[in-house]
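**Student:** First the structure, then my questions, so here it is.
Each reported figure results from applying straightforward, stated rules to the coordinates on display, with no laboratory input. Here the structure is a predicted model, which means the values were calculated and not measured. Cβ: placed from backbone, ideal geometry, glycine included. Neighbour counts: every protein chain shown.
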Amino acid sequence: MRKIKRLTSLCIFFTLWIALISSGCTPNGGPATTVKDFDQLLTSLHQRGKYVFEDLSWLISKEEVMKQKQLNDSHSVRDDLLKIEGTFPFNNSSLEQTVLFIFDDDKFVSGEYLFSTTNQDQFIKFCEELKTRLKKSLPEPFGNDLSVLNNAKNIGAQGKSVMWKGEDGSYLRINLFTTAQEGDKMRYTVQIKSESPAPERKGLQ
């Protein structure tokens with residue numbers, strides 16, 4: 001009888017343990033990874049008329065972001081910056097992808113996705129697809145317009161940008177720019193930046 005009880009207890013323990021591992025005990029926000037497709041990208045930036053980032057609340061502390069996104073000290077570039085690096089699959093290839101969490105006075109005020117490549121054709125196609133997705137998912141921008149993404153082949157070091165403002169005063173900005181690489185190669189980059197409502201960012205003004 002004792003053996004049966006012991007076996008039953010062990011079965012219950014291992015069942016709970018497996019369930020715990022499977023769920024990952026993930027807090028709100030989920031573990032930090034690079035986004036894998038356009039649907040995931042847009043969902044992480046825009047919700048109910050407001051601009052957000054990675055399902056995190058604005059103005060939480062760096063420690064709280066690290067906890068919610070399951071980051072460690074290796075992701076901390078500076079006191080005011082966390083960084084994740086990876087790739088974004090696109091057209092049977094990929095672009096380099098960097099995710100940034102930016103803080104002011106230990107408050108989470110901005111997040112960025114950077115997509116970059118040295119292949120101009122790939123960059124142009126990525127911008128075209130991004131424009132199509134944005135047009136379907138977001139309201140009309142108020143700073144410039146989506147035609148910026150049609151001119152990806154003419155982007156220079158000074159870049160071009162387009163901007164949206166959320167109902168709560170949050171912002172979304174998309175910047176296109178190039179940087180020179182060794183051997184006369186150019187790196188083409190799309191920066192997508194979501195910012196907390198301006199009145200809450202007094203330290204940055």
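**Student:** Could you go through segment 105-119 in sequence order and give the Karplus-derived ³J(HN,Hα) for each residue, using 6.51 cos²θ - 1.76 cosθ + 1.60 with θ = phi - 60°, rounded to whole Hz, and x for Gly and Pro?
**Tutor:** Result, rounded to whole Hz: 6, 6, 10, 6, 10, 6, x, 9, 10, 10, 10, 9, 7, 9, 9.
**Student:** Further, regarding this structure: Label points 7 Å out from Cα along the Cβ direction at Thr179 and Asn92: separation in nm?
**Tutor:** 3.0 nm
**Student:** I've got another one for you. Around Leu95, which amide H atoms from residues at least 5 apart in sequence, or from another chain, sit under 5 Å from its own amide H, with H modelled in the peptide plane?
**Tutor:** Answer set, sorted by chain and number: Phe88, Phe90.
**Student:** Using the 10 angstrom Cβ neighbour count as an exposure proxy, how do Ile124, Ile102 rank, fewest first?
**Tutor:** Listed from fewest to most nearby Cβ atoms, that is Ile124, Ile102.
**Student:** Once fully extended, how much extra length lies between Asn151 and Lys125, figured as 0.36 nm per residue of separation less the alpha-carbon to alpha-carbon distance?
**Tutor:** Full extension from Asn151 to Lys125 adds 8.3 nm.
**Student:** Nothing charged except the Cβ atoms of Lys and Arg (+1) and of Asp and Glu (-1): what's the magnitude of the dipole of segment 29-204 about its Cα centre? Round to the nearest 20 debye.
**Tutor:** Values: 23 positive and 26 negative charges, 95 e Å.
Charge dipole, segment 29-204, about its Cα centre: 460 debye, nearest 20.
**Student:** Given the pairs Lys50/Lys83; Lys83/Lys125; Lys36/Lys69, which are separated by over 18 angstrom at their Cα positions?
**Tutor:** In this structure, Lys50/Lys83; Lys83/Lys125 exceed 18 Å between Cα atoms.
**Student:** Oh, and also: Along the charge dipole of segment 29-204, which of Asn175, Thr34, Pro197 sits closest to the positive end, that is, farthest toward it, with unit charges on the beta carbon of Lys, Arg, Asp and Glu (+1, +1, -1, -1)?
**Tutor:** With unit charges placed on the Cβ atoms, the residue in question is Asn175.
**Student:** Once you have the Cα-Cα distance between Thr118 and Gln70, take 0.36 nm times their residue separation minus that, and quote the gain in nm to one decimal.
**Tutor:** 14.2 nm
**Student:** Using each residue's phi in segment 122-131, evaluate 6.51 cos²θ - 1.76 cosθ + 1.60 at θ = phi - 60° and report the 3J(HN,Hα) Karplus result to the nearest Hz, with x for Gly and Pro.
**Tutor:** 5, 4, 4, 5, 4, 5, 5, 5, 4, 4
**Student:** Residues with amide H under 5 Å of Gly159's amide H, sequence separation 5 or more or different chain, H placed in the peptide plane at 1.01 Å from N; which?
**Tutor:** The answer is Thr178.
**Student:** Quick one: 3J(HN,Hα) in Hz for segment 59-70, Karplus 6.51/-1.76/1.60 with θ = phi - 60°, rounded, Gly and Pro as x.
**Tutor:** Those phi angles translate into 6, 6, 6, 4, 4, 5, 4, 4, 5, 5, 9, 6 Hz.
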